[in-house]
1. Across the stretch 57-99, which residue is farthest from the ligand (Cβ to nearest atom) among those that are of a type in the set (D, E, K, R) and surrounded by 15 or more Cβ atoms within 10 Å (Cβ to Cβ)?
2. If only one of Thr88, Thr53 is within 29 Å of the chain's Cα centre (by Cα) and among the polar types (S, T, N, Q), which one is it?
3. Listed residues Val46, Val35, Val27; which is within 16 Å of the ligand (Cβ to nearest atom), at pLDDT below 95 and either in contact with a strand residue (DSSP E or B) (Cβ under 8 Å, 6 or more places away or on another chain) or in a loop (DSSP other than H, G, I, E, B) (or both)?
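The values are calculated or read from the model by the stated rules, or taken from the named source; none is laboratory data. Being a predicted model, the structure only gives us computed values, none of them experimental. So basically every Cβ, Gly included, is an ideal-geometry build from the backbone, and we count neighbours across all protein chains shown.
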Amino acid sequence: MAADYNAMKVSSGMKPAALIKKRKAEVIFERETTVVFTGRYPRLKVWCAECATEAEMVTVFEAAKLARVSIFTIHGRADGGELHHQTTSSGVRMVCVNSL
Ligand SMILES: [Zn+2]
């Protein structure tokens with residue numbers, strides 16, 4: 001057997017099929033999801049008591065983006081009464097754009 005194998009190896013450079021070991025490899029592809037914020041956020045047009053008119057309300061995140069400050073600054077200014085704000089029934093704080 002060994003002699004046959006050597007003979008074939010020398011003559012053709014290929015291994016006999018019986019000596020070829022098959023191996024399975026599992027390749028796992030991991031995918032990432034990239035979320036791109038395009039600048040479209042929920043905006044509500046509701047009555048603002050402080051403005052005494054219907055005003056556009058944006059999320060704290062968008063308010064921070066519009067005012068070019070952090071969301072912590074927006075929350076602080078809203079808590080301090082500087083910004084007009086309301087909380088939706090789902091608990092999302094919306095900030096009046098007029099008060100930014
Ligand atoms: Zn307002």
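1. Only one residue fits best here, namely Lys65.
2. Unique residue meeting the criteria: Thr88.
3. Val46
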